[in-house]
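Trainee: Okay, here's the structure, questions in a sec.
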Amino acid sequence: MISFDNTEIAFQSKSKADLNRSYWLFKLISNPGLVKMGAQMAPLALNLGFKGLFKRTIFKQFVGGEDIADCERTIQELGKFRIGTILDYSVEGKESEADFNHCVEETLQTIAKAKGNPHIPFCVFKVTGLARFDLLVNVSAGKGLSAQEQNEWDTVKDRVAKICKAAHEAKQPVFIDAEESWIQPAIDELANTNMERFNRESVIVYNTYQLYRHDRVAYLQQTLETATAKGFKVGAKLVRGAYMEKERLRAVEMNYASPINATKADSDRDYDAALNVCMAHIDRMAICAGTHNEKSSLLLTQLMEQKGLAHNDTRVYFSQLLGMSDHISYNLAKAGYNVVKYVPYGPIKEVMPYLIRRAQENTSVKGQTGRELSLIIKEKTRRKKG
């Protein structure tokens, strides 16, 4: 049975300076007041010339670089330890047609970079990088679109199809990220359309299923039934979810039932249920388990063993974010499992919303920062004794 307690393996790529930087960073992130103040002051600090400080600290921990070429060092470093890279262009909040077209081209560049590169097994994009948020809201709500909106939606579908076609031609799998529940129906439509088109022989297009939603296990099963009837394979990236506080607040403000599970235990139950569903149908799908949860990661290794799958079966991947949960990533990779890290990139000013979200997530998720700190302290102690 695999263990996630081996910090020598977990931090084998980290120098003493790297460990110390991570220690102080997670120490700061453990303070909610500092995180809140930092989130408010970060844009001002960048304008006042503190870019270098950000780049040496939180940016270096969680981001691969400012552009694709800048990520090469991270790609090669992870590759030394059998860990793949997912290049994630993490610029957010853009709403112009020029920005949407730039995001398409940037994603196509990641596909070109990944083609034939064993260190980059997947690419990824967010639909909100290609479409106006309000348009996705209207499509998801089933509202009648104006002629202008219909043209706009057709353009969005063309953008997604262009990316998925390029991925298919390059034989390079691509993830479509999940987002807020009130725009997810539009995203699901785009994902399912392109899975049906491009996943005939192998899995190229993956949809993302957020299991902190109480309806997603049933939706995953429904997708599998549709795929069986229509003759295509399902790509499933399984995550717990990233918008919990926003989802619950909106549900209260707009007086509807929250789509989020009532407790973390419920989300854990649904995540593990989704793993079981996927492994029961692994002959007609492929999965990537995006999780920082040790129990779920261990469960998937056990399910693979029960199915008689090799550790490196290409239909099953484990994934964590760069800068987090290295005890899971590196120990799994050492044991021969397929592991990838999400490696965000983009100009430091543009990825600041992503970095703030990472800091807030580490603060809000119970035990997250404490776990990271305890493992770093354990490794620092081991090295001193050694």
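The values are calculated or read from the model by the stated rules, or taken from the named source; none is laboratory data. No experiment lies behind these values; they were computed from the predicted model shown. A quick note on method: Cβ atoms are made from the backbone with ideal geometry, for glycine too, and the neighbour counts reach across all protein chains shown.
Trainee: Being assigned to a helix (DSSP H, G or I), within 24 Å of the chain's Cα centre (by Cα) and among the small types (Gly, Ala, Ser) is the filter; apply it to segment 1-29 and report the residue that is surrounded by the fewest Cβ atoms within 10 Å (Cβ to Cβ).
Mentor: By that ranking, first place goes to Ala10.
Trainee: Residues to consider are Val63, Val156, Val137, Val91; find the one that is in contact with an Asp or Glu (Cβ under 6 Å, 6 or more places away or on another chain) and either at pLDDT below 95 or assigned by TED's automatic domain parsing to the domain that holds Asn312 (or both).
Mentor: So the residue among Val63, Val156, Val137, Val91 that is in contact with an Asp or Glu (Cβ under 6 Å, 6 or more places away or on another chain) and either at pLDDT below 95 or assigned by TED's automatic domain parsing to the domain that holds Asn312 (or both) is Val91.
Trainee: Then there's this: Of all the residues that make up segment 262-284, how many are without any contact (Cβ under 8 Å) to a residue 60 or more places away in the chain and either in contact with a Lys or Arg (Cβ under 7 Å, 6 or more places away or on another chain) or among the charged types (D, E, K, R) (or both)?
Mentor: Residues meeting the conditions: 9.
Trainee: Do we have Val217 as touching a residue at least 60 places away in the same chain (Cβ under 8 Å) and within 25 Å of Ala280 (Cβ to Cβ) here?
Mentor: Answer is yes for this residue.
Trainee: I need a count of the residues in segment 30-60 that are part of a helix (DSSP H, G or I), of a type in the set (S, T, N, Q) and either modelled with pLDDT of 65 or more or over 28 Å from Glu106 (Cα atoms) (or both).
Mentor: Counting residues in segment 30-60 that are part of a helix (DSSP H, G or I), of a type in the set (S, T, N, Q) and either modelled with pLDDT of 65 or more or over 28 Å from Glu106 (Cα atoms) (or both) gives 1.
Trainee: Okay, moving on. Only one of (1) surrounded by fewer than 18 Cβ atoms within 10 Å (Cβ to Cβ); (2) closer than 26 Å to Ser325 by Cα is not met by Ile120, so which one is it?
Mentor: Ile120 satisfies every listed condition except (1).
Trainee: Among all residue pairs at least 6 apart or on different chains, which show Cβ distances below 6 Å where the first residue, located in segment 335-351, is polar (S, T, N, Q) and the second is assigned to a loop (DSSP other than H, G, I, E, B)?
Mentor: Asn338/Asn312
Trainee: Something else: Which count do you get for residues in segment 104-138 that are under 20 Å from Glu92 (Cβ atoms) and part of a helix (DSSP H, G or I)?
Mentor: 15
Trainee: For segment 185-213, how many residues meet the condition of being outside any helix (DSSP H, G or I) and in contact with a helix residue (DSSP H, G or I) (Cβ under 7 Å, 6 or more places away or on another chain)?
Mentor: Final tally of qualifying residues: 7.
Trainee: Within segment 142-154, track down each residue that is in a helix (DSSP H, G or I) and surrounded by fewer than 16 Cβ atoms within 10 Å (Cβ to Cβ).
Mentor: Passing the criteria: Ala147, Gln148, Gln150, Asn151, Asp154.
Residue-by-condition table, conditions (1) farther than 19 Å from Pro353 by Cβ; (2) not hydroxyl-bearing (Ser, Thr, Tyr):
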| site | (1), (2) |
| --- | --- |
| Ile58 | no, yes |
| Arg82 | yes, yes |
| Gly93 | no, yes |
| Ser96 | no, no |
| Cys103 | no, yes |
| Cys123 | yes, yes |
| Val127 | no, yes |
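Trainee: So which helices (runs of 4 or more DSSP H) stay within segment 230-349 end to end and still have 3 or more residues that are modelled with pLDDT of 95 or more and among the polar types (S, T, N, Q)?
Mentor: 294-307
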